[in-house]
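Only one structure is covered here, and it is reproduced in the block below.
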Amino acid sequence: MPDMKAFKNKVAKYKRDFDKSILLVKEEKSLQELRNLYLSRKKGHLTLLFKDLMALKPEEKPAAGELINDLKDHILENLRSLKETFQVEKEIVKKTDFTLPGKARYWGAPHPVHLFQEEIEKIFVSMGYSIEEGPEIETDYYNFGALNFPPHHPARDDWDTLYLTDDLLLRTHTSPVQIRVMEKRKPPIKIVIPGKVFRKETPDPTHLPMFYQLEGLVVDKGITLAHLKGTLEFFLKKLFSEDVKMRFRPAFFPFTEPSAEVDIGCTVCEAKDEECRVCGGSGWIEILGSGMVDPQVFKNVNIDPEEYSGFAFGLGIDRTAMFAYQISDLRYFYENDLRFLRQFLLK
Amino acid sequence: MKISLEWIKEYVAVKLPFSSLIDKLDMIGLVVEEWQEKDGDIILDIETHANRPDTLGHLGVARELAAGLNRPLKEKDWSLVELDQETSDLIDIQILDRDLCRRYSGIVIRDIQVKPSPQWLRKKIEAMDLNPVNNVVDVTNYVLFSTAHPIHAFDLAKISGQKIIIRRANKGESLRTLEGKVVNLSPEMLIIGDAAKPVALAGVMGGEDSAVSDATRDVFIESAWFDPISVRKTSKETGIKTDASYRFERGADIAMCPQAALMAASLLTRLGGKATKEVFDVYPKPPQKKRIILRHHRIAELLGVEVNEDFVQDILSDLGFQIESSQTGSWQVTVPFFRVDIEREADLIEEIARFYGYDKIPSDFPPLSIPEPPREEKREMINKIRQLLFHQSFDEVINFSFSDPEREAVFVKQHPEIAIKNPISQKASCLRTTLLGGLLENIAWNKNRGAEGLNIFEIGNIYFWNESTAVEELSLGLATTGFVGQRYWEGKDEETGYFYLKGTCESILTHLRYEPFSFQEAKHDYFEEGFSLAIAYKGEKVGILGLLKSHILDFFSLKDAVWVAELSLASLFSKQPKPFQYKPVAKFPSVSRDVSFLVKRNVSYQAVKEAIDKLSLPYLERFDLYDRYSGPAISRDRISLSLRFIYRHPKKTLLAKEVDNLQLRIIKHLKSRFNIQLREGGQIDKRARKN
C-alpha cells in the first residue's frame, strides 16, 4: 500500500529531476521531449503519479492532488518560459541586418554626349522635327561649295579642315546634310541633323578635333527670321530654363543670309564675375549659329528662293553640355574615364 | 581686329556710356571679344567676319557705329604740302596684268627725314599692338588701320629705271622680302617690279632691297587693288601672311586707292616731306558698281516684321549705299566698292535687320505643315542595341575617330587605313579601322585609375579605303574584363568572359530578329587560338569575338585577359531581319521531359543541338540546356548534359505516351550519332509538368 510519504518523495524527486533536465535543454525539440516525459497523457510521469494517488487513502487524496497540481504548474511554467526564450532567440537569429546594401543589377551608363544629344533631339521632335544623318567623310562640294563658300575664300579659314585627299575631307560641320536632304526631298522640310564633325584643332579645354553638332533646317513657304527666333527661344527655354537670358545678334555664315548668333546669359557667373572663365566677363555665352538659308544655297539644290524660304541653325552638343553641366574641360568627354561617364546615369 | 576708341572718336562722336557702346557694337554684329585700357585709351578686340574687309579699319567700324548711333561720319582733311613736280615726272607706272591689278595709284614724297614718329603716331601704332618703326613705315600702318586699305612705301632711289611694272613673276626670279626671307617666284604670282627685277610681292610683302631705311630721302607710296584670290594663293604658297595680305585676300576697296595714297602723303608732308602734285592713278577699266533691286515686301517676308520705308532709305544711305526709288515698293540700290559682301537682295535685307535690331524682331513659330517623315529604322536599331547593352551592364564610350598608324598596325586589316593629309599630330594622323583600339585604350586608362571590372562598348564608324573609295562603316565594339558591375558584399561577383560576351551578342541578334545566327570557331589574327569565333547571320559573317592575343594586350600595356567583339552594324543592317510575327498564346498545356546523358567531351553542344533540330519532331516546342556537368562521378573524357524538352500540341493535350515516343526517337538518334549514355539508370525522367 503506497503511503503518503513515499508519494511525497516521488513528487519531490520528479521536481528535482525536471529542474536538472530543463537546464540541459538547448533546443525546442528537446523541450517537447521533456514535456512528453512528464506530461504525456499515456506514460507521462504526472499521469503515472495520478495512478499512485488513486491508491492513497481517501483523506490523503486532496493534499496529494494539490502536490501533483503544484508540480504540473511548476513544469508548465518552466516549459513555457523556456519556450519563450527559444522563440526570442529564434527571432534574433532570423533577423538580418537590413541596413546592409541591397543588390541591384548594374545598369550601364550612356555616354553623356549621347544623353545630351537625345535631350536636344526630344525637344525638336516634340516640335515636329524629324532626324536625319549623313556621312562623316564628305566632298569639298558638300562641305563648302554647295554651302556658298567660294573656292579660295578666306571664309574657309574659319573652318579648319582635315583633308583626306584634295577633294575628300572630314566634314567640318553637319551642314552638308542640309544639302543632301534638300537634293532628295521637296519642301516642306523640318529636320535636325546630329553628328560628329571634325576640325584641325589641338585639343584643349575649349577645343576638340572631333565633337558633336546638331543642325536644324526648316524650309517652307513664308518662313521668316521671326520663326527662327521663336523656335530657338522655345528650344533654349526647354533646354536650360524658362527664365534663360538670350540675345540674337548679327553674324556671318556663307550659307545663311541674314545670319544670327545666339547668346545665352552665362550659366556660371550670371554676368556677375568680370573674370569669369566661361564667359570672359561679358556675361554672355555664344551657343548657336543660325540664319535664313542663303538664296544661293537654295539655287544650288534647285529650290526657288522666291517661292520658298527657310532657316537653319547649329550648335555644338558637347559645348552646350559643358555649359549645362558646368564641366570645365571639353576633353573629359573623350577620355572615357568611367568615374566621369557614370555620373550621368543619374541625369 | 584691335580698335582704339580714341581713334574711332576722330570719325564719329561717341557719347554713350561704355557698356552701352559695347552692347551697340555687339548688336550690329561687331562683337567685342575683350577690351583693355591702354595709355588713357580703350582698345577693343572686335571679332570681324571674313566677308567684311571694310571693318578691318577704324573708318569702317566708325561708319557702322555712326549708322547705329544715327550720327554723322566726320570728314577729314588730307591737304598736301606740294612740290612743283608731277608724280609721273619721277616714276612711270605700267600694269601688265590688268586682271590681277585693276588699279594702281602712287605718289612720291621727297626730302623726308626718316626718323622715329611723333608721339601721337607712336601711340596709334602701339594701340594696334605693333612696335613703331619709323615715321614712313608708321604712316603706312596708320593708313592701313584707318582705312583698311594696305599701302606700301618704296625707297624711290632703289627703284631701278624709275619704273614700276605690275606683272606676273618670271620663272626663276626670286625676291628677298623685308623679313629677309628669299622667296622663289612662280608665274602664278603677281609682283611689283622695277626696270630690272621684282621689288615686291604684290599685296603680300615688299622686298628688302627697295625698303625704306634711315638713309632714304624720297619715298614712293603705292596704293593699289590686287585680285583677292591671287593674293591668297601667293600668301599660301609663300607662307607669308601680313596685315596687307589679310585685307587684300578679303577684298580691298578699289575706290580707296588714290585716297589712301593721298592720306599717307598728307601725313608725311606734315612730318617734313614734300609731295608731288597729285596722285598718279592708273585705272584702266573702272568696274561698274553693283546695282540691286530691293523690294519692300521681301523685307517683311524674310524678317517677319514690317520695316518702315524711311528707315530702310536712311540706314542704307548711312552705310554708304545710294538708294533710289524705282517702282512703287521697290528701290534700286547701288553698292559702294568697299562692301564686297553685298551682292543680292538678301544681303541688303540683312543690313536692314542689323540696324533695325535683331532684338526687335518678334518671336513666332513656323506655320504648321507636315513634312514627309524620314525612316529612322537605323537609329531605332542602334538605340535598341544601346538599351540592351546598358541592361547587360556595359558602359558607353565615344572615342576620337583618329588613330595612330602604329596602333592600327597592331590590328591586321583587310583594307588600308585612310591617312589624313594635314593631321594635327602623328598620333592622330589616320582614321581608325577598328573600334577595338579605342576600347583597349579606355580599359588601360580606367585600369590605371583603379577600375577592376570593365564592360564597355562603342557604336561608331570605322574607316578604310576599298579600292579608291573611302568607306565609313558603322560598327559596334565591345570589350570586357574582370567582373560585371560592382563588387557585392555577398561576394558573388559575376565573372565576365566568353559566355557573358557571347550572351550579350546573342541577345542583340535575337532582339533585332537576326536569326538564325551562329558562332563558329574561326581563326583570327587578333585572337588566341581556340578562343576565336566568327559571328554569322544566315551564313554571312557579321562579326568576330575572342580573347585578345598577348602582343595586342602588351601594346596597350594591359595585363589581364580581355574579351572583345566587333560587329559590323553596316553589314548587319543591310540584311533583312526575320519578320516579326505574333504567335497566339497556346491554349493547351505543354508537357516537359528532362533528360541527362553522358557524351564525349569533343562533341559540341552545337552538334547535339543541330542533330535534334534535324529530326524536326512534331510538337517539340523548344528545348534548352539546363545543366552541364563534369566531375568525380563521371569519367574524364565525358561530360553530362541535361536538356529539358517542351512539347505542345496546338489542338489538344498531349498524352504522356505520345510524348514518350517522341522522346525515345531523340534518345535513339543521339545514341546512334554520339553514342550517348543516359544517366539515372537510363530512365527517362517522367516528371510531366503542366502549365
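The simple spin-label model puts a point 7 Å past each Cα toward its Cβ; for B:His669 and A:Lys200 those points are separated by 6.6 nm.
Which residues in the range B:280-305 place their backbone N less than 20 Å from a point set 7 Å from the Cα of B:Asp92 along the Cα-to-Cβ direction? Taking a point 7 Å out along Cα→Cβ of B:Asp92, the residues of the range B:280-305 whose backbone N falls under 20 Å are B:280-284.
Lacking any other cysteine beta-carbon closer than 4.7 Å, the following Cys residues of the protein assembly as shown have no compatible partner: B:Cys101, B:Cys257, B:Cys430, B:Cys505.
Using the alpha-carbon positions of the range A:234-279, Rg (one decimal) and Dmax (whole number) come out as 13.0, 35 Å. Counted residue by residue at 0.36 nm each, then reduced by the alpha carbon distance between them, the extension gain from B:Glu37 to B:Glu473 reaches 151.6 nm. Cross-link pairs exceeding 21 Å in C-alpha to C-alpha distance, out of A:Lys200/B:Lys447; B:Lys181/B:Lys241; A:Lys122/B:Lys578; A:Lys190/A:Lys347, comprise A:Lys200/B:Lys447; A:Lys122/B:Lys578; A:Lys190/A:Lys347. Backbone amide hydrogens, once placed in the peptide plane, bring B:Lys38 within less than 5 Å of B:Ile43, excluding anything fewer than 5 places away on its chain. Considering only the Cα atoms of the protein assembly as shown, their convex hull presents on average a projected area of 67.3 nm². Quick check: residue separation of B:Asp359 and B:Lys578 times 0.36 nm, minus the Cα distance between them. What number comes out in nm? Computed gain between B:Asp359 and B:Lys578 is 73.3 nm. FRET efficiency for B:Gln162 and B:Asp243, Cβ-Cβ distance as r, R0 = 35 Å, nearest 0.05? FRET efficiency, B:Gln162 to B:Asp243: 0.80. Once both labels are positioned 7 Å from their Cα atoms along Cα-to-Cβ, the gap between B:Ser19 and A:Thr47 label points is 10.2 nm.
Of the GluC sites (Glu not before Pro) found in the range A:209-294, those in coil by DSSP whose Cβ has at most 15 other Cβ atoms within 10 Å are A:Glu242, A:Glu270, A:Glu274, A:Glu275.
If R0 equals 60 Å, the separation of the Cβ atoms of B:Gln677 and B:Ser571 corresponds to a calculated FRET efficiency of about 0.90. Sorted into 10 angstrom bins from 0, the C-alpha pair distances of chain B split as 3, 11, 14, 13, 12, 12, 10, 8, 7, 6, 3, 1, 0, 0 percent.
Each 10 Å bin from zero up to the one holding the largest Cα-Cα distance in chain A carries the following percent of pairs: 5, 18, 20, 12, 4, 3, 4, 5, 7, 8, 7, 4, 2, 0. When the Cα gyration tensor is reduced to axis lengths a ≥ b ≥ c, the ratio a/c is 1.5 or higher for the range B:531-579, and with a/b above b/c it is classed as prolate.
Our coupling estimate for the range B:531-543, obtained by passing each phi through the Karplus curve with A = 6.51, B = -1.76, C = 1.60 and θ = phi - 60°, is 10, 9, 10, 9, 9, 10, 10, 6, x, 9, 5, 10, x Hz, Gly and Pro reported as x. Segment A:Arg35..A:Ala324, full-extension length gain: 96.6 nm, with 0.36 nm per residue of separation and the alpha-carbon distance subtracted. Spin-label model, B:Asp660/A:Glu66: points 7 Å from Cα along the beta carbon direction are separated by 7.5 nm. Among the GluC sites (Glu not before Pro) within the range B:230-318, those in coil by DSSP and having at most 11 neighbouring Cβ atoms inside 10 Å are B:Glu306. Between the alpha-carbon centres of the range B:421-483 and the range A:277-344 there is a gap of 25 Å. Loop-located trypsin sites (Lys or Arg not before Pro) across the range B:1-54 with a Cβ neighbour count of 13 or fewer within 10 Å are B:Lys15, with loop assigned by DSSP.
In sequence order, the range A:295-302 has phi-based couplings of x, 5, 5, 4, 4, 5, 10, 6 Hz under the Karplus curve 6.51 cos²θ - 1.76 cosθ + 1.60, θ = phi - 60°, and Gly or Pro positions carry x.
Residues in the range A:45-87 near a label at A:Glu27, defined as backbone nitrogen under 15 Å from the 7 Å Cα→Cβ point? Counting only backbone N, you get A:86-87. If R0 equals 22 Å, the separation of the Cβ atoms of A:Glu306 and A:Glu183 corresponds to a calculated FRET efficiency of about 0.70. Each residue of the range A:118-128 is assigned a 3J(HN,Hα), and the resulting list reads 4, 4, 5, 4, 4, 5, 6, 4, 5, 9, x Hz, derived from the Karplus form 6.51 cos²θ - 1.76 cosθ + 1.60 (θ = phi - 60°), x at Gly and Pro.
Taking only the Cα atoms of the range A:4-94, the ratio Rg/Rh comes out at 1.07, with Rh defined as the Kirkwood radius.
Every read-out reported here was derived from the displayed coordinates using simple, explicitly stated rules and does not represent laboratory data. Quick caveat, the model's predicted, so the values are computed rather than measured. Please note: Cβ atoms are built from the backbone with ideal geometry, for glycine as well, and neighbour counts cover all protein chains shown.
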